[in-house]
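J.: Got a structure for you, questions after.
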Amino acid sequence: MLPTVELGSLQVSTHDFFTMLGLLVGVAWYYRALQRDRLLEPRIVVISVTALLGGAVGAHLLTSWEFADEVAQAGLPLTYVLTHGPKSILGGLAGGYLAIVISKRVLGYRLSTGDYYAATIPLALAIGRIGCFLAELPLGTPTGLPWGMTVSPEAAAAFPRCPGCGGPMHPSMLYEIGFHAAAFGLIWRRSPLLPIRGDTLKLYLLAYGLFRFGVEFVRGNEVQAFGLTGPQLVLIPLTALLVIHFARRLRSGAYRLPAPPAAQTARGEGT
């Protein structure tokens, strides 16, 4: 466990350090791609800043309901929850996406920039999850698999809740790092994966939603209802919306490629 990172005489939370590093690298990658295609302009900067703020709020709000009783008993104000409470990647993605939609409408910006986020988000999340792996417990649920990881009793004692810390655990954060790294590599090399602007991002979000739903079974998060964790309950409607989106695309034939010119000519000569 590495709870803090030393930057000279300054000690920074490992989780916060890698979260900020991921954000900075992601934003730099996003701006570089826009600049390459000559799309970087003041409105884009405002939209991206709004996305970061929306993501920060969403990341805290989505998890605050799970700790509502503890917050109420401690008499903590909402501002404390928003700045110091637990954070959720899913809430951050949802809050950031909503902020982008609203800010684009307010600024009258109509160009789809989703494909530029498609590589940025997994890159930032892969880096950010390194901080989670180094600083958070439990790593996952108990496992007998050969790659299960253990932590020292001293590290486990620093956390009020650490089920499974007495033996090998699934390194669930490493699973996520691997997923995001693979997604980044694929999108970077092959983007756009789909012919309609913005759908590459939606495809990544759908893939991550399905992956995250599955990995939650070995994450070690508390079950909230129906045998599912909080993130799984949130993922059901979000993933359903994306499935409906792609079902409509497929039904309308939006991804159907036109026939090659030679084939069209041959059909024309035969009629």
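The values are calculated or read from the model by the stated rules, or taken from the named source; none is laboratory data. Everything numeric in this text was worked out from a predicted model, so none of it was measured. We place every Cβ from the backbone using ideal geometry, glycine too, and count neighbours over all the protein chains shown.
J.: Tell me which residues, restricted to segment 9-49, are among the aliphatic types (A, V, I, L, M) and within 21 Å of residue 104 (Cβ to Cβ). If you could, list the steps in order and put the result at the bottom.
T.: Filtering segment 9-49 down to residues among the aliphatic types (A, V, I, L, M) leaves 10, 12, 20-21, 23-25, 27-28, 33-34, 39-40, 44-47, 49.
Listed by number, the residues that qualify are 23, 27, 33, 34, 39, 40, 44, 45, 46, 47, 49.
J.: Take the residues in segment 9-22 that are in contact (Cβ under 8 Å) with a residue 40 or more places away in the chain, surrounded by fewer than 17 Cβ atoms within 10 Å (Cβ to Cβ) and not small (Gly, Ala, Ser), then tell me which one is nearest to residue 127 (Cα to Cα).
T.: Kept after step one, since they are in contact (Cβ under 8 Å) with a residue 40 or more places away in the chain, are these residues of segment 9-22: 13-19, 21-22.
From the residues that got through so far, the ones that are surrounded by fewer than 17 Cβ atoms within 10 Å (Cβ to Cβ) too are 13, 16, 21.
Right, trim to not small (Gly, Ala, Ser) and you get 16, 21.
On the way: 16: 11, 21: 7 Å.
Restricting to residues being in contact (Cβ under 8 Å) with a residue 40 or more places away in the chain, surrounded by fewer than 17 Cβ atoms within 10 Å (Cβ to Cβ) and not small (Gly, Ala, Ser), the top hit is 21.
Results for (1) at pLDDT 90 or above; (2) of a type in the set (Gly, Ala, Ser), shown as yes or no for each residue.
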| residue | (1), (2) |
| --- | --- |
| 1 | no, no |
| 6 | no, no |
| 24 | yes, no |
| 28 | yes, yes |
| 40 | no, no |
| 59 | no, yes |
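J.: Could I ask something else about it? Tally the residues that are without any contact (Cβ under 8 Å) to a residue 40 or more places away in the chain, of a type in the set (A, V, I, L, M) and touching a Ser or Thr at 6+ places or on another chain (Cβ under 9 Å), restricting the search to segment 29-48.
T.: Number satisfying all stated conditions: 0.
J.: For residues that are without any contact (Cβ under 8 Å) to a residue 60 or more places away in the chain and assigned to a helix (DSSP H, G or I), tally how many sit in segment 229-254. Quick ask: steps written out before the conclusion?
T.: Taking segment 229-254 as the starting set, the residues that turn out to be without any contact (Cβ under 8 Å) to a residue 60 or more places away in the chain are 229, 232-233, 236-237, 239-254.
So of that shortlist, the ones also assigned to a helix (DSSP H, G or I) come out as 232-233, 236-237, 239-252.
Residues meeting the conditions: 18.
J.: With the structure loaded, tell me whether residue 174 is in contact with a Cys (Cβ under 9 Å, 6 or more places away or on another chain) and more than 22 Å from residue 100 (Cα to Cα) or whether it fails that test.
T.: On the way: in contact with a Cys (Cβ under 9 Å, 6 or more places away or on another chain): no; more than 22 Å from residue 100 (Cα to Cα): yes.
Here the answer is no, as residue 174 does not meet what is asked.
J.: With respect to the numbered conditions (1) closer than 20 Å to residue 163 by Cα; (2) in contact (Cβ under 8 Å) with a residue 24 or more places away in the chain; (3) surrounded by fewer than 18 Cβ atoms within 10 Å (Cβ to Cβ), which one is the sole condition not fulfilled by residue 219?
T.: (3)
J.: Okay, next question. Quickly run through segment 176-196 and pick out the residues that are in contact with a helix residue (DSSP H, G or I) (Cβ under 6 Å, 6 or more places away or on another chain) and either surrounded by fewer than 18 Cβ atoms within 10 Å (Cβ to Cβ) or polar (S, T, N, Q) (or both).
T.: Restricting attention to segment 176-196, the residues satisfying the condition of being in contact with a helix residue (DSSP H, G or I) (Cβ under 6 Å, 6 or more places away or on another chain) are 176-177, 179-181, 183-184, 187-188, 191-194.
Scanning segment 176-196 gives 181, 188, 191, 192, 193.
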